[in-house]
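The values are calculated or read from the model by the stated rules, or taken from the named source; none is laboratory data. Since the model is a prediction, treat every value here as computed from it, not as a measurement. Please note: Cβ atoms are built from the backbone with ideal geometry, for glycine as well, and neighbour counts cover all protein chains shown.
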Amino acid sequence: MNRIEFLKNRLKNKEKILLAGACGTEIQRRGIKTELPLWSASALITNPEIVSRVHEDYIKAGSDIITTNTFRTNRRTLQKINKGDESEKLTKLAVKLALKARIESGRKEVLIGGSIAPLEDCYEPKLVPSDKELWQEHSEQAENLAKNGVDFLFIETINTIREAKIAFKACKKTGLEVAISFVCNKNGNLLSGESIEAAYRAISPLAPLAILTNCAPPQIAEISLYKLLKISKIPIVFYANGDGMPHDELGWKFLKEKKPEDYLKFAQKWLKDGASIIGGCCGTNPEYIKLIRKYMNRNQCNNHPQHHYALSCI
């Protein structure tokens, strides 16, 4: 049984799955500059060993799924610094670093999702390119990820239904399973103003592996989560932001008053209320994931004492 089928079986059996936390902000937290336009992709050029270490630490913390550091390795982003032709090279390196981390962890069952971002700004729906550009550029990035060994494709932080549908179809062309995540506003709808319910109706017939929402503070992001839980027959994944606030041209702004324990309280509620897969977005780190893993193991051991999990119950 391959990793994807194993994941599907776990979800069918109502097990809860743990996604890793943030990659880009964690790279910055470790002292690496993540300035725009490359943001997290800059570390692939300057400090690839840090990227691998971040993946390793998330696996050690108990993640069942990690995502490649490819959020900004598409051709369009790299062209902004006249390095568009290096897109395939950097995407390949990012996947290699994730594969290396999995091998060195000894946890062969960990899945690697190939991260795919909006072609333009996550928070500016008006910047979404033409349909032709969306198809060509998402197809290129999806193929680069698929041929280098990711287990599935993971479209993240999408803000319009139009880009979501085109990106999804481009990814499905590779033959891999595809998960897709939307970034939503305080009303629980896409930043474009389109409803999360409409996004679900547009994507669900395409048979996604999972539908997600991400990249907002927990108390805001969970509004979209609960809207999806009311209507979805597809596994719902949720990963909100941790400590800090959205980045400017210099990177994420960390705030000291937020703690992993605060995020755990939200995560406990989301898991109890029906989220199938839980993780962390910007500002979260391996400490967040470690706390959630401990909670999940206790809960799963109490409900399924006969099952042996990747980490022992504590």
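Of the residues making up region 89-125, just one is among the aliphatic types (A, V, I, L, M), assigned to a loop (DSSP other than H, G, I, E, B) and over 26 Å from ILE166 (Cα atoms), namely VAL110.
Residues are listed down the side, and each one gets a yes or a no for (1) touching a Leu at 6+ places or on another chain (Cβ under 6 Å); (2) surrounded by 19 or more Cβ atoms within 10 Å (Cβ to Cβ); (3) small (Gly, Ala, Ser):
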position: ALA117; (1), (2), (3): no, yes, yes
position: GLU120; (1), (2), (3): yes, no, no
position: LEU127; (1), (2), (3): no, no, no
position: SER130; (1), (2), (3): no, no, yes
position: HIS138; (1), (2), (3): no, yes, no
position: PHE154; (1), (2), (3): no, yes, no
position: ALA179; (1), (2), (3): yes, yes, yes
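Restricting the first member to region 1-24 and to residues that are assigned to a helix (DSSP H, G or I) and buried (at least 16 other Cβ atoms within 10 Å of the Cβ), and the second to residues that are charged (D, E, K, R) and modelled with pLDDT of 95 or more, the beta-carbon pairs closer than 6 Å and six or more apart or on different chains are ARG3/ASP151.
Look at region 147-169: where a residue is over 18 Å from ALA216 (Cα atoms) and in contact (Cβ under 8 Å) with a residue 60 or more places away in the chain and a partner is among the charged types (D, E, K, R) and in a loop (DSSP other than H, G, I, E, B), sitting 6+ places away or on another chain with Cβ atoms under 9 Å, you get ASP151/GLU177; PHE152/GLU177. Within region 197-215, the residues that satisfy the criterion of being touching a Ser or Thr at 6+ places or on another chain (Cβ under 8 Å) and either acidic (Asp, Glu) or buried (at least 17 other Cβ atoms within 10 Å of the Cβ) (or both) are TYR200, ALA210, ILE211, LEU212, THR213, ASN214, CYS215.
Taking the conditions exactly as written (of a type outside the set (Val, Ile, Thr), assigned to a helix (DSSP H, G or I), farther than 23 Å from PHE6 by Cβ and under 18 Å from the mean Cα position of the chain (by Cα)), does LYS165 satisfy them or not? In short, yes.
Within region 103-115, being loosely packed, with under 12 Cβ neighbours inside 10 Å and under 18 Å from ASN74 (Cα atoms) holds for no residue. Among the residues of this structure, GLY84 counts as one that is surrounded by fewer than 16 Cβ atoms within 10 Å (Cβ to Cβ) and of a type outside the set (Lys, Arg). Determine whether ILE314 is touching a helix residue (DSSP H, G or I) at 6+ places or on another chain (Cβ under 8 Å), among the β-branched types (Val, Ile, Thr) and at pLDDT below 90. Yes. Among the residues making up region 192-216, those that are assigned to a loop (DSSP other than H, G, I, E, B) and at pLDDT 95 or above are SER192, GLY193, GLU194, SER195, ALA207, PRO208, LEU209. Which residue pairs have Cβ atoms closer than 9 Å, lie 6 or more positions apart in sequence or on different chains, and pair a first residue in region 33-49 that is hydroxyl-bearing (Ser, Thr, Tyr) with a second residue that is surrounded by fewer than 14 Cβ atoms within 10 Å (Cβ to Cβ) and at pLDDT below 90? Once the first residue is hydroxyl-bearing (Ser, Thr, Tyr) and sits in region 33-49, its partners that are surrounded by fewer than 14 Cβ atoms within 10 Å (Cβ to Cβ) and at pLDDT below 90 give THR34/LEU250; SER42/GLU35. Residues considered: SER63, SER52, SER40. Of these, the only one that is among the polar types (S, T, N, Q), crowded, with 16+ Cβ neighbours inside 10 Å and in contact with a Pro (Cβ under 9 Å, 6 or more places away or on another chain) is SER63. If I ask for residues that are modelled with pLDDT of 95 or more, out of contact with any Cys (no Cβ under 7 Å at 6 or more places or on another chain) and within 15 Å of THR34 (Cβ to Cβ), which ones from region 54-72 would you list? Passing the criteria: only THR70.
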